[in-house]
1. Return yes or no: is Phe105 of a type in the set (Phe, Trp, Tyr) and closer than 27 Å to Thr170 by Cα?
2. Taking Trp69, is it over 29 Å from Ile175 (Cβ atoms), hydrophobic (A, V, I, L, M, F, W, C) and modelled with pLDDT under 90?
3. Which number in (1) closer than 30 Å to Ile153 by Cα; (2) surrounded by fewer than 10 Cβ atoms within 10 Å (Cβ to Cβ); (3) among the charged types (D, E, K, R) marks the one condition that Lys85 misses?
4. If the requirement is being at pLDDT 90 or above, over 15 Å from Leu158 (Cα atoms) and part of a loop (DSSP other than H, G, I, E, B), which of these qualifies: Asp91, Asp115, Asp78, Asp64?
5. How many residues does segment 76-115 contain that are without any contact (Cβ under 8 Å) to a residue 12 or more places away in the chain and not aliphatic (A, V, I, L, M)?
6. Take the residues in segment 148-160 that are surrounded by fewer than 13 Cβ atoms within 10 Å (Cβ to Cβ) and not acidic (Asp, Glu), then tell me which one is farthest from Leu99 (Cα to Cα).
7. Just give me the residues in segment 94-110 being modelled with pLDDT of 85 or more and loosely packed, with under 14 Cβ neighbours inside 10 Å, in sequence order.
8. Going through Asn146, Asn178, Asn134, Asn95 one at a time, which residue ends up being on the phi < 0 side of the Ramachandran plot and either within 35 Å of the chain's Cα centre (by Cα) or among the small types (Gly, Ala, Ser) (or both)?
Amino acid sequence: MKELFDLLEKKERQILVLLCLLLIVALIFHQGFALKQKRSYNQSAGSLPRKQKEFENIEKANTDIKMEWLQWDEARRDIGEIENKYFYKEDRNVNELRLDLREIFAKANVRVISDLVFDYSEWKEEDIKKARVNFTVAGPYVVLKNFIHQVEIHPKFLMIERIDFRDIDTQSGRIELNVVLAGYYGN
């Protein structure tokens, strides 16, 4: 090897030493910096599946939260629709319940033989008020059955709370019922 160096001139030897130094500096740079970056890359590549799994879990949780929010939003809209369609409103015409009763009586062709007695109550824990209507109706079984059916299919919250038989005439088929209906008002 020394013989090879002897064949080189002084200037060529200096260039060769300089190139060796550059090579040594490049190797030190590679060992110190590039391998460190490569190790960091390998660690990052190794943690990528775990991070992707975390991302999928977060994305699934986000989708679940969005679905839950959409369900709550739909429930809020349904409640609004129920309040608007099925509850009587206090700020509207107060006679709305009376008009609905008159319509039900007409459709059922039932005869009311007493005054309508209204009793209003309020539920403190809810924003709902209840109006009870007490009255007596009379007619044959078919007419009374139709009356009950008309109340059941009525779109508003109007429920039969109680029915008491007052008189049953077996000769004519006439039945007298004392009925308590409840209508519900939302605020």
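1. yes
2. It is false that Trp69 is over 29 Å from Ile175 (Cβ atoms), hydrophobic (A, V, I, L, M, F, W, C) and modelled with pLDDT under 90.
3. The one condition Lys85 does not meet is (2).
4. After applying the criteria, what remains is Asp115.
5. Adding up the residues that qualify gives 13.
6. Ile153
7. Leu99, Arg102, Glu103, Ala106, Asn109
8. Only one candidate passes the filter, namely Asn95.
The values are calculated or read from the model by the stated rules, or taken from the named source; none is laboratory data. What you see is a predicted model, and the numbers here were worked out from it, not measured in a lab. Positions of Cβ are backbone-derived with ideal geometry, glycine not excepted, and every protein chain shown enters the neighbour counts.
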